[in-house]
Ligand SMILES: [Zn+2]
């Protein structure tokens, strides 16, 4: 089952949740830290992970990633930069580095190899649910 990463727009905390594809279609993620529904899916492990299923692509069409060609690192990088500018906040050096690397045409796999802390950040998910349960 895929793990989705969310970032709360109210408190800025990150959380992860495991959904089946079917669940994700209907799910309304809630921040486990402050209860906010203003959860934005992070471009993180999921977006960077290889799609095992074409349904991921159709799912993307319905999300903020509409129109994004995930196979194109530069397009993804530009999207992420645009998103961060629209949010008007500093998403951190890690985010900037990912965007830079994407815009240089690096694949998500290359970026993860080069930035092991990304994998570390998202690692250790055992069985799903929010981390802080
Ligand atoms: Zn929150």
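Things worth noting here:
- Order of 23, 112 under a 10 Å beta carbon neighbour criterion, fewest first: 23, 112
- Subtracting the Cα-Cα distance of residue 115 and residue 23 from their residue separation scaled by 0.36 nm leaves 30.1 nm.
- Placing dummy labels 7 Å off each Cα toward the beta-carbon, the span from residue 89 to residue 3 is 2.2 nm.
Readers should treat all values here as calculations from the given coordinates under stated rules, not as data from a laboratory. Predicted, not measured: the structure shown is a model, and the values here were computed from it. Every residue, glycine as well, gets a Cβ built from its backbone with ideal geometry; the counts of neighbours run over all protein chains shown.
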